[in-house]
1. Go through the stretch 123-168 and give me each residue that's assigned to a loop (DSSP other than H, G, I, E, B) and over 19 Å from the mean Cα position of the chain (by Cα).
2. Being acidic (Asp, Glu), surrounded by fewer than 22 Cβ atoms within 10 Å (Cβ to Cβ) and within 16 Å of ligand 2 (Cβ to nearest atom) is true for just one of GLU49, GLU76. Which residue is that?
3. Can you tell me how many residues within the stretch 16-37 are under 20 Å from LEU103 (Cα atoms) and of a type in the set (D, E, K, R)?
4. Collect the residues in the stretch 100-121 that are within 16 Å of ligand 1 (Cβ to nearest atom) and open to solvent by 30 Å² or more (accessible area, probe 1.4 Å), keeping them in residue-number order.
5. State the number of residues belonging to the stretch 185-202 that are in a helix (DSSP H, G or I) and free of Cβ contacts under 8 Å to residues at least 40 places away in the same chain.
6. For the stretch 141-148, check the following and say yes or no: at least one residue is surrounded by fewer than 21 Cβ atoms within 10 Å (Cβ to Cβ), of a type in the set (Asp, Glu) and more than 26 Å from LYS2 (Cβ to Cβ).
7. Does any residue of the stretch 203-221 turn out to be part of a strand (DSSP E or B) and either surrounded by fewer than 19 Cβ atoms within 10 Å (Cβ to Cβ) or within 14 Å of ligand 1 (Cβ to nearest atom) (or both)?
8. Looking at GLY8, GLY64, which is the one that is of a type outside the set (D, E, K, R) and over 22 Å from ALA172 (Cβ atoms)?
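The values are calculated or read from the model by the stated rules, or taken from the named source; none is laboratory data. These numbers come from a predicted model, not from an experiment. Methodologically, a virtual Cβ is constructed for each residue, glycine included, from the backbone with ideal geometry; neighbour enumeration extends over all protein chains shown. Each accessible area value is taken on the protein alone, full model and side chains, heavy atoms only, with ligands, DNA and RNA left out. Shrake-Rupley method; radii C 1.70, N 1.55, O 1.52, S 1.80 Å.
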Amino acid sequence: MKIITVIGARPQFIKAAAVSNIIRKEFEEILVHTGQHYDENMSKVFFDELNIPKPDYNMGIGSGNHGQQTGTMLIELEKIYLKEKPDLVLVYGDTNSTLAGALAASKLLIPVAHVEAGLRSFNMNMPEEQNRILTDHISSILFPPTETAVVNLKNEGIKNSVHNVGDVMFDAVLDFKELAKKKSNIVNELNLIENKYILTTIHRAENTNDINRLRNIIQALNESNKTIVLPLHPRTKKYIDSYGLSFNNNVKVIEPIGYLDMISLEMHAEKIVTDSGGVQKEAFFMKKPCITMRDETEWVETVQNGWNTIVGTDKEKILSAIMNFVPNREQENIFGDGKAGEKILKVIKEAIK
Ligand code: UD1
Ligand code: UDP
């Protein structure tokens with residue numbers, strides 16, 4: 001039995017780190033890297049650090065407009081599927097690599113398994129929302145990570161072969177936290193004081209592509225009187241440069257970092273300010289207050305639980321949350337038991353049989 005797993009963007013490498021080696025206990029896995037992310041610190045670093053198997057194919061698609069990027073992936077993936085004849089294609093999340101991986105398989109009548117199914121922001125302007133909905137509707141096996149995601153699928157008529165296995169990113173944090181404690185020295189290297197800095201990430205298209213939203217975010221960080229650490233996504237760097245925006249000295253802008261350094265910075269931060277999906281969850285896993293610079297979130301349970309606050313990109317709201325937001329409740333168990341990878345393997349084994 002052969003499974004092709006398609007990955008291409010940073011968060012997918014981390015998800016595959018939690019799942020690939022488990023799948024390989026029982027199946028032949030062919031790992032396909034679309035090349036959507038390609039800088040060393042957006043791709044290679046994760047394979048090196050996290051013991052992710054070497055991709056069997058690296059398609060080298062690179063950056064581009066949505067149609068061009070997704071379309072090229074479709075053409076190349078179809079060739080690989082026709083050659084390898086997999087029994088199942090596995091995709092993660094909501095990127096263009098996810099959609100291309102699923103669509104190329106579905107057209108060839110190869111069953112698709114979607115990890116992180118059922119997430120919805122109900123904002124169809126997001127490329128990720130389009131990718132998720134389309135992928136869910138052509139998948140044969142769906143792995144929603146939360147009960148809300150199960151309900152979202154049900155509301156769209158998707159009821160069969162839906163398995164809430166928990167969140168593979170929770171598995172990843174549990175798998176790599178101790179290694180991060182041992183290997184990462186980033187807090188010292190950046191001269192940070194534990195629990196006295198804010199960790200920030202920004203990359204969501206709705207924030208980078210709109211100068212007003214990006215300017216508000218940067219002004220809030222500049223005016224916060226806090227030490228801010230910002231591993232800067234290349235997309236955001238490009239827009240900041242083109243808009244001519246700049247940071248004050250309290251904002252330490254660094255290159256994107258590996259996962260071990262990232263979870264180490266999360267572990268020791270006072271608060272986390274982000275527009276990332278994965279980082280919102282990791283803030284929750286690390287029991288850190290999360291301030292989300294978006295107008296909505298797919299991870300609604302983190303908000304309902306009191307650990308995440310949605311502030312959009314209003315400067316005053318961001319500043320006020322940085323100063324004042326503190327969770328006031330014990331965390332509930334939202335994201336499973338950290339054994340999502342094992343459960344995915346079990347379901348796939350049953351399904352393929
Ligand atoms: C993509 C996903 C997004 C996910 C994010 C994770 C889509 C539509 N978006 O967004 O859902 O949250 O990955 O990080 O799939 N770039 C580089 N080097 C790289 C990669 C990108 O310089 O290695 C720059 C290029 O200028 C590129 C831009 O970043 O045009 C955006 O990259 P792209 O992969 O299109 O989207 P992301 O913003 O990374
Ligand atoms: N991440 C990382 N280095 C960084 C920034 C993020 O390793 O410099 C990790 C982060 O810990 C999380 C994942 O990348 O596991 C989130 O990816 P991203 O924010 O790019 O995408 P999203 O989750 O929003 O799709």
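1. Taking the stretch 123-168 as the starting set, the residues that turn out to be assigned to a loop (DSSP other than H, G, I, E, B) are 123-126, 138-140, 144-146, 156-161, 163-167.
Once the filter is applied, which keeps residues that are assigned to a loop (DSSP other than H, G, I, E, B) and over 19 Å from the mean Cα position of the chain (by Cα), the stretch 123-168 yields ILE138, SER139, SER140, GLU156, GLY157, ILE158, LYS159, ASN160, SER161, HIS163.
2. Details: GLU76 fails: within 16 Å of ligand 2 (Cβ to nearest atom).
Among GLU49, GLU76, only GLU49 is acidic (Asp, Glu), surrounded by fewer than 22 Cβ atoms within 10 Å (Cβ to Cβ) and within 16 Å of ligand 2 (Cβ to nearest atom).
3. Total satisfying the criteria: 1.
4. Within the stretch 100-121, LEU103 is the sole residue that qualifies.
5. From the stretch 185-202, those in a helix (DSSP H, G or I) are 186-189; that's our starting set.
Retained after the next criterion (residues that are free of Cβ contacts under 8 Å to residues at least 40 places away in the same chain): 188-189.
Counting residues in the stretch 185-202 that are in a helix (DSSP H, G or I) and free of Cβ contacts under 8 Å to residues at least 40 places away in the same chain gives 2.
6. We begin by selecting, within the stretch 141-148, every residue surrounded by fewer than 21 Cβ atoms within 10 Å (Cβ to Cβ); these are 147-148.
Retained after the next criterion (residues that are of a type in the set (Asp, Glu)): 147.
From what's left, more than 26 Å from LYS2 (Cβ to Cβ): 147.
Within the stretch 141-148 (the criterion being surrounded by fewer than 21 Cβ atoms within 10 Å (Cβ to Cβ), of a type in the set (Asp, Glu) and more than 26 Å from LYS2 (Cβ to Cβ)), the answer is yes, since at least one residue qualifies.
7. The initial filter retains those residues of the stretch 203-221 that are part of a strand (DSSP E or B), namely none.
The answer is no; no qualifying residue exists.
8. Details: GLY8 fails: over 22 Å from ALA172 (Cβ atoms).
Just one listed residue meets the conditions, GLY64.
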